[in-house]
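*Asks:* Have a look at the structure that comes next, please.
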Amino acid sequence: SAPPPRPKLGFGADPAQDPAPATRPRMELPKPRTAPPPGGKIGFGEDDALTLTRAARQPKQEELLLMEDVDDDFDDDLSAHASQPATTSHARPQATQVSSGPWQPVSPEETRSVKDRLFSRMGAPDSWKQGFYFSKVKGLEYGLWQAQGGPCGILAAVQAHLLVALADGTGVPQIRNLSPAALQDALAQGIAASLWQAGGERHAVVVSSSEQSTSGMTLDQALRTSRQTRALSLPQAVAAVRQCLPVWREERGWGILLFLFSVVMSKGLPQIEAAMDDKEQRLMGMHGYCTQDLVNLILCGHSVTNVFDGKKKLDEFTTLKGVPTRAPAGLLSLFEWYKYIEVGEFYKRPTNSVWVVCCESHFTCLFAADERAMQDRKPFDLYYYDGLSQQDEVIRFTVTHSPSGGHTGRAGDSIGSRGATEGDLTPPMEFVIETRWPGVQINWNGTEPIL
């Protein structure tokens, strides 16, 4: 069969193989798996005239969106980064009393600017109105649940940071016998690490609501109640996030959007725009899906459009930006199996055995059960989690050496031969795994393969 449509350059493509314009491919998300709540859709964006009635001092813009040299993050010696661990730590801070700075209202000007960068006039879809809450399935208690199609990239990237927090410095997530308190602690640790990373490990901005619940509000109503605090250390960021969790974890609240405001304000709008290949692109794409820029911002702290290492210069006027350094968690993509993009070593070999997976227009998570996967010592086990699929059992892959060279040996290395594998009923996740560990055999251990 013919290969699937080829994405345009951007999204990690190799310019040496494709002279096409530097634009990002568009992906279609699965249809929502749950119906809207009774009463129809909840309205969004009805009122752009956001006002605040508090008399507290309005923070100055420069206090919140730090104006720095926006190219500093990409001018380091990338080869030095390749062999060094990422500096963002998910290790639990010492049990001392810490607190962030005072909470201040988010100004109407800041609100409008962040909303514009996130989704502009498209508005936030109903599927993005949810919080960070866990699966109730036995053995999957660590997994964040996704109610509808759309915010999978956000949830998968936060899930990756949560799993890194569960690794607690060992590189391997510990997922057994976790209490609800331990899971909430890991969630706070992971989210805070993502914000601290976005803030250049100098600060983190945490945004929440002054109300105890946002579930009965429209987005604009929730944003009128928004407040922010600036953390100047990772323990301060963790403490601030812990304060927000009761609001952020509401199943039908605006937790995801309040987190996104935190990420954007931690990074700074000028820095976000400077890192993107298309300065006019919003962080939410068409049909309510997450752009790769947004996934990268959460995952590695940089809103780059691509997933290769460092920069790629197309000509004297155009330079594409990829991942500048090793990240705590990585990313693997089905697009790379088809030779449409290049995923760099920074994402393939993160400092922890955790990967976000881009497969079939959907973002999920993959992580290793022990250190052998990172050391390429076979056999080893990988665990797969998909928060949207209503997964009801643990999915564990056992990866061993294939005498015949696996799918890689069968399909070869050309674009045409890889494209011809699309219709042969091979589970796409097996192709994804072989982009990191080529020439292997994958045992689903009794689980029905996902086609």
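The values are calculated or read from the model by the stated rules, or taken from the named source; none is laboratory data. Everything numeric here is computed off the predicted structure, so don't read it as measured data. When we count neighbours, we look across all protein chains shown, and the Cβ atoms used for this are built from the backbone with ideal geometry, even at glycine. For accessibility, only protein heavy atoms count, side chains too; no ligands or nucleic acids. Shrake-Rupley method; radii C 1.70, N 1.55, O 1.52, S 1.80 Å.
*Asks:* Pick from GLN184, GLN212, GLN189: which is open to solvent by 10 Å² or more (accessible area, probe 1.4 Å), touching a residue at least 12 places away in the same chain (Cβ under 8 Å) and not in a loop (DSSP other than H, G, I, E, B)? Reasoning before the result, please.
*Replies:* Values: GLN212 fails: not in a loop (DSSP other than H, G, I, E, B); GLN189 fails: open to solvent by 10 Å² or more (accessible area, probe 1.4 Å).
Among GLN184, GLN212, GLN189, only GLN184 is open to solvent by 10 Å² or more (accessible area, probe 1.4 Å), touching a residue at least 12 places away in the same chain (Cβ under 8 Å) and not in a loop (DSSP other than H, G, I, E, B).
*Asks:* Can I ask one more? Would you mention how many residues in segment 391-406 are more than 26 Å from the chain's Cα centre (by Cα) and either open to solvent by less than 20 Å² (accessible area, probe 1.4 Å) or of a type outside the set (Val, Ile, Thr) (or both)? Give the steps one after another, and end with the answer.
*Replies:* The initial filter retains those residues of segment 391-406 that are more than 26 Å from the chain's Cα centre (by Cα), namely 400-406.
Applying the additional criterion that residues be either open to solvent by less than 20 Å² (accessible area, probe 1.4 Å) or of a type outside the set (Val, Ile, Thr) (or both) yields 401-406.
Result for segment 391-406: 6.
*Asks:* Test of understanding: among ARG372, ARG377, which residue is exposed (fewer than 13 other Cβ atoms within 10 Å of the Cβ) and part of a loop (DSSP other than H, G, I, E, B)? Walk me through it before giving the result.
*Replies:* On the way: ARG372 fails: exposed (fewer than 13 other Cβ atoms within 10 Å of the Cβ).
Step by step, each of ARG372, ARG377 is checked, and only ARG377 is exposed (fewer than 13 other Cβ atoms within 10 Å of the Cβ) and part of a loop (DSSP other than H, G, I, E, B).
*Asks:* Additional query: List the number of the failed condition for VAL432; all other conditions in (1) open to solvent by less than 20 Å² (accessible area, probe 1.4 Å); (2) closer than 19 Å to THR364 by Cα; (3) of a type in the set (Val, Ile, Thr); (4) out of contact with any Cys (no Cβ under 8 Å at 6 or more places or on another chain) hold.
*Replies:* That leaves (4) as the condition not met.
For every residue, the table says whether it meets (1) acidic (Asp, Glu); (2) open to solvent by 30 Å² or more (accessible area, probe 1.4 Å).
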residue	(1), (2)
THR364	no, no
ASP381	yes, yes
TYR384	no, no
SER389	no, yes
THR408	no, yes
THR421	no, no
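*Asks:* Filter segment 442-451 down to residues that are of a type outside the set (Phe, Trp, Tyr) and either over 20 Å from PHE335 (Cβ atoms) or part of a loop (DSSP other than H, G, I, E, B) (or both) and give me whichever is least open to solvent (accessible area, probe 1.4 Å). It would help to see each step written out before you state the result.
*Replies:* Pass one, segment 442-451, residues of a type outside the set (Phe, Trp, Tyr): 442-443, 445-451.
From what's left, either over 20 Å from PHE335 (Cβ atoms) or part of a loop (DSSP other than H, G, I, E, B) (or both): 443, 445-451.
Details: ASN443: 82, ASN445: 60, GLY446: 85, THR447: 15, GLU448: 147, PRO449: 63, ILE450: 74, LEU451: 129 Å².
Out of the qualifying residues, it is THR447.
*Asks:* If you don't mind, another one. Restricting to segment 278-320, give me the number of residues that are surrounded by fewer than 24 Cβ atoms within 10 Å (Cβ to Cβ), within 24 Å of HIS362 (Cβ to Cβ) and small (Gly, Ala, Ser).
*Replies:* 2
*Asks:* For segment 131-152, give me each residue that is open to solvent by 10 Å² or more (accessible area, probe 1.4 Å) and outside any loop (DSSP other than H, G, I, E, B).
*Replies:* Selection gives PHE134 alone.
*Asks:* While we're looking at this one, here's another question. Let me confirm something: among ARG227, ARG202, ARG176, which residue is among the charged types (D, E, K, R) and modelled with pLDDT under 95?
*Replies:* Result of the check over ARG227, ARG202, ARG176: ARG176.
*Asks:* Kindly indicate whether VAL164 is β-branched (Val, Ile, Thr), surrounded by 24 or more Cβ atoms within 10 Å (Cβ to Cβ) and in contact with a Gly (Cβ under 9 Å, 6 or more places away or on another chain).
*Replies:* Working: β-branched (Val, Ile, Thr): yes; surrounded by 24 or more Cβ atoms within 10 Å (Cβ to Cβ): yes; in contact with a Gly (Cβ under 9 Å, 6 or more places away or on another chain): yes.
In short, yes.
*Asks:* Going by the conditions given, is GLY139 of a type in the set (Gly, Ala, Ser), farther than 14 Å from PHE259 by Cα and over 16 Å from the mean Cα position of the chain (by Cα)? Talk me through it step by step, then tell me what you get.
*Replies:* Working: of a type in the set (Gly, Ala, Ser): yes; farther than 14 Å from PHE259 by Cα: yes; over 16 Å from the mean Cα position of the chain (by Cα): yes.
Answer is yes for this residue.
*Asks:* Return only the number of the condition from (1) within 26 Å of the chain's Cα centre (by Cα); (2) under 30 Å from PHE134 (Cβ atoms) that GLU434 does not satisfy.
*Replies:* Tallying (1) within 26 Å of the chain's Cα centre (by Cα); (2) under 30 Å from PHE134 (Cβ atoms), GLU434 fails exactly one: (2).
*Asks:* Does any residue in segment 147-162 that is at pLDDT below 95 come within less than 9 Å, Cβ to Cβ, of a residue that is among the aromatic types (Phe, Trp, Tyr) and not in a helix (DSSP H, G or I) six or more places away or on a different chain, and which pairs are these?
*Replies:* GLY149/TYR289; GLY150/TYR289
*Asks:* Given the structure, is GLY439 open to solvent by 10 Å² or more (accessible area, probe 1.4 Å) and either among the aliphatic types (A, V, I, L, M) or over 17 Å from ALA368 (Cβ atoms) (or both)? Spell out how you get there, then give the answer.
*Replies:* On the way: open to solvent by 10 Å² or more (accessible area, probe 1.4 Å): yes; either among the aliphatic types (A, V, I, L, M) or over 17 Å from ALA368 (Cβ atoms) (or both): yes.
Considered against the rule, which asks whether it is open to solvent by 10 Å² or more (accessible area, probe 1.4 Å) and either among the aliphatic types (A, V, I, L, M) or over 17 Å from ALA368 (Cβ atoms) (or both), GLY439 comes out as yes.
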